[in-house]
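*Asks:* The structure that follows is given in the form of structure tokens.
The values are calculated or read from the model by the stated rules, or taken from the named source; none is laboratory data. Since this is a predicted model, take the numbers as computed values, not measurements. Ligands, DNA and RNA are excluded from the accessible area calculation, which covers all protein heavy atoms including side chains. Shrake-Rupley method; radii C 1.70, N 1.55, O 1.52, S 1.80 Å.
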Amino acid sequence: MIATIQVLVFLGLALVGFAVEVWALVDAASRRAAAFTAAGKRTRGFWRLLLGGGALAGFLAIPRPLGLGLMPTLILLGAVVPAGVYLGDVRPAVRGYGGGRRRPPQRGGW
């Protein structure tokens, strides 16, 4: 019983980590390349490569029964670190330079 709970908790954490990695990768891919250099950060290609590798490692490390479980647990935890750095440091700096999804301006109305 306890082993089943542990597997489910770990599986949930792995899925949340993978979702964060994918979110960071999609956000980095949607930003303009010039915004990264204007903000004084590494290039967009660097972040896409780093975050893509982290998302791939996170996907391969998702444990069974939903995933393949090909990577050790430490890789799973380490794959979240670049996504956390991107979302905590790079994304706020780059967001000020435009790019990404924006809502279209509303015309007229209330």
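*Asks:* Provide TYR86, TYR97 ordered by accessible surface of protein heavy atoms (probe 1.4 Å), highest first.
*Replies:* Numbers: TYR86 0, TYR97 105 Å².
Accessible-area ranking of TYR86, TYR97, largest first: TYR97, TYR86.
*Asks:* Additional query: What's the angle, to the nearest 10 degrees (0 to 90), between helix 44-60's Cα axis and the longest principal axis of the chain?
*Replies:* With both axes taken from Cα atoms, the answer is about 20 degrees.
*Asks:* Looking at the chain, I'd like the Rg to Rh ratio, where Rg is from alpha-carbon atoms and Rh is Kirkwood's inverse mean 1/r. Can you show the working numbers first?
*Replies:* Details: Rg = 17.3 Å, Rh = 15.3 Å.
That ratio is 1.13, to two decimals.
*Asks:* With runs of 4+ DSSP H residues as the only contributors, calculate the mean residue ellipticity of the chain at 222 nm using -39,500 (n - 2.57) per run, divided by the residue total and rounded to the nearest 500.
*Replies:* -20500 deg cm²/dmol
*Asks:* What number does segment 19-58 give for Rg over Rh if you use C-alpha atoms and the Kirkwood radius? If you can, show how the numbers build up before the last one.
*Replies:* Numbers: Rg = 10.0 Å, Rh = 10.1 Å.
Reported Rg/Rh, Kirkwood definition of Rh: 0.99.
*Asks:* What's the angle, to the nearest 10 degrees (0 to 90), between helix 2-30's Cα axis and the longest principal axis of the chain?
*Replies:* Computed tilt is about 20 degrees.
*Asks:* Moving on to the next point. Using the alpha-carbon atoms, what tilt in degrees (0 to 90, nearest 10) does helix 73-85 show relative to the longest principal axis of the chain?
*Replies:* The angle comes out near 10 degrees.
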